[in-house]
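Below you'll find the structure, written out as structure tokens, and then a few comments.
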Amino acid sequence: MNKQLKSFLVFCLKLVVTLVPAYFVYRNIVMAPDWNIEDLYELFTNKSVLPMVLALLCLAVSNFTACMQWKLLLERQDVHMSYGRLLKLYHVGLFFNNFMPGNVGGDAKKIYDIRMQGGQDSVGAGFTATFFDRLFGLFFITLFALAMGLLFFMHDDAQRAFMWPSVWIFLGFCALFASLFSRRLGNVLCALMAKFLPEKVSGRLVHMFKRFQKFRSLKLWICISGLSAVTQALRIFVHYFCGMAVGVDLSISWYFYYIPLVAIISALPISIGGFGPRELLAQSLFARAGVASLESVVIQLLAYFVSLVLSLFGAFVFLLDGGAPKASASTNDAAGANAGDAHGKDA
């Protein structure tokens, strides 16, 4: 099939997946009793300013901790870049995530920037670090949902059923991590891939498995677990403060229980920018907590708006810097000098 035709068909499918749920979201709002467009304006008052500032602050801090986690994963694969440089690349990726389908365009941009900075050999490191960084974030946010379910919703018949998606997602992540980090399982999977996949594809996957083995470190897991806990908690608080901004009086435990499912759906590359399925799921879930359809959708849109505002820094960096430059001559000279020193010491 022609590549352009294939891309067009994929875009049309994503457009359908975006518009159909969006239609039901709109219908649920306008069919509410006594619906009026003025209800939207009445959600915002002078008291909305402080919660929105707090939401911006939470997301900004979470970006710093998330970038630190990304840096640790890169360094484990011998890709060493300054935190300041990586922070710029991270925000450029956030900018692309807001304008590419499925929230994965920024991940591809970060991998490309790492390659431009570190050379061809760093492509695998950039992909592995970025892929695992996103997986681990989704895994940890799922843990929050399970913890809230066990603590607050286990004995609520109306809410207990929503624990099962989190349970299955958690088990799926455990199985995936076991296959990525277990040498025995990895060898079995590599042998199977060698039999059924083309040699070029299986070779790349085997190389990827070897890179994941570098993450087998207790110290690394403790560090990234702490960073991920802070990062994901802050990002859930973004939704909580957006809810406060529109006058929703709801315990934070509901957000820790529902937002992980919404985040996982929006991370899937099945719609345009995550729109549609994200709002429909949030509307359906928060309705069970007594939140009106309009407010539940506005919370998601405000959280996206906060992300969009902060990602403008990435757009500014991208326009001025043009992405990640290739390693400079001074960097190469320094690397050569270090190699020379090491050679002298060996001699």
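Points to keep in mind about this one:
- The residues of the range 64-80 that are surrounded by 19 or more Cβ atoms within 10 Å (Cβ to Cβ) and without any contact (Cβ under 8 Å) to a residue 60 or more places away in the chain, listed by number, are Cys67, Lys71, Leu74, Val79.
- Top-ranked residue in the range 129-178 [being among the small types (Gly, Ala, Ser) and more than 12 Å from Ile264 (Cβ to Cβ); ranked as modelled with the lowest pLDDT]: Ala158
- The residues in the range 232-259 that are farther than 18 Å from Leu59 by Cβ and without any contact (Cβ under 8 Å) to a residue 24 or more places away in the chain can be counted, and the count is 2.
- Search result, residues across the range 149-165 that are of a type in the set (A, V, I, L, M) and open to solvent by 30 Å² or more (accessible area, probe 1.4 Å): Leu150, Leu151, Met154, Ala158, Ala161
- If the condition is being closer than 22 Å to Ser251 by Cβ, assigned to a helix (DSSP H, G or I) and open to solvent by less than 20 Å² (accessible area, probe 1.4 Å), then the range 282-318 contributes Ala282, Gln283, Leu285, Phe286, Ser296, Val297, Val298, Ile299, Gln300, Ala303, Val306.
- Among the criteria (1) under 30 Å from Glu295 (Cβ atoms); (2) open to solvent by 60 Å² or more (accessible area, probe 1.4 Å), the one Arg216 does not fulfil is (1).
- Counted residues, the range 166-190 - those being farther than 25 Å from Met148 by Cα and exposed (fewer than 12 other Cβ atoms within 10 Å of the Cβ): 2
- The lone exception for Ala229 - which of (1) closer than 22 Å to Phe127 by Cα; (2) touching a residue at least 40 places away in the same chain (Cβ under 8 Å) it fails: (1)
- Of the candidates Leu176, Leu150, Leu143, Leu138, the single residue that is over 30 Å from Ile272 (Cβ atoms) and hydrophobic (A, V, I, L, M, F, W, C) is Leu150.
- For the range 31-60, filtering for residues that are at pLDDT 75 or above, within 17 Å of Ile299 (Cα to Cα) and assigned to a helix (DSSP H, G or I) leaves 14.
- Hits in the range 216-252 - residues which are at pLDDT below 90 and touching a helix residue (DSSP H, G or I) at 6+ places or on another chain (Cβ under 8 Å): Arg216, Gly247
- Among the residues making up the range 223-254, those that are under 20 Å from the mean Cα position of the chain (by Cα), open to solvent by 10 Å² or more (accessible area, probe 1.4 Å) and hydrophobic (A, V, I, L, M, F, W, C) are Cys223, Leu227, Ala229, Val230, Ala233, Leu234, Phe237, Phe241.
- The range 142-161 residues that are touching a residue at least 12 places away in the same chain (Cβ under 8 Å), paired with ones that are in a loop (DSSP other than H, G, I, E, B) and hydroxyl-bearing (Ser, Thr, Tyr) (beta carbon under 9 Å, 6 or more apart): Phe152/Ser251
- Meets criteria (open to solvent by 40 Å² or more (accessible area, probe 1.4 Å) and not in a helix (DSSP H, G or I)) for Gly274: no
- Pair list, Cβ under 6 Å, 6 or more apart: the range 1-16 residue within 10 Å of Ile270 (Cα to Cα), other residue of a type in the set (A, V, I, L, M, F, W, C) and surrounded by 12 or more Cβ atoms within 10 Å (Cβ to Cβ): Lys14/Ile272
The values are calculated or read from the model by the stated rules, or taken from the named source; none is laboratory data. Model, not experiment: these values are computed from the prediction. As a convention, Cβ positions derive from the backbone with ideal geometry for all residues, glycine included, and neighbour counts pool all protein chains shown. These area figures cover heavy atoms from the full protein model, side chains too; ligands, DNA and RNA do not enter into them. Shrake-Rupley method; radii C 1.70, N 1.55, O 1.52, S 1.80 Å.
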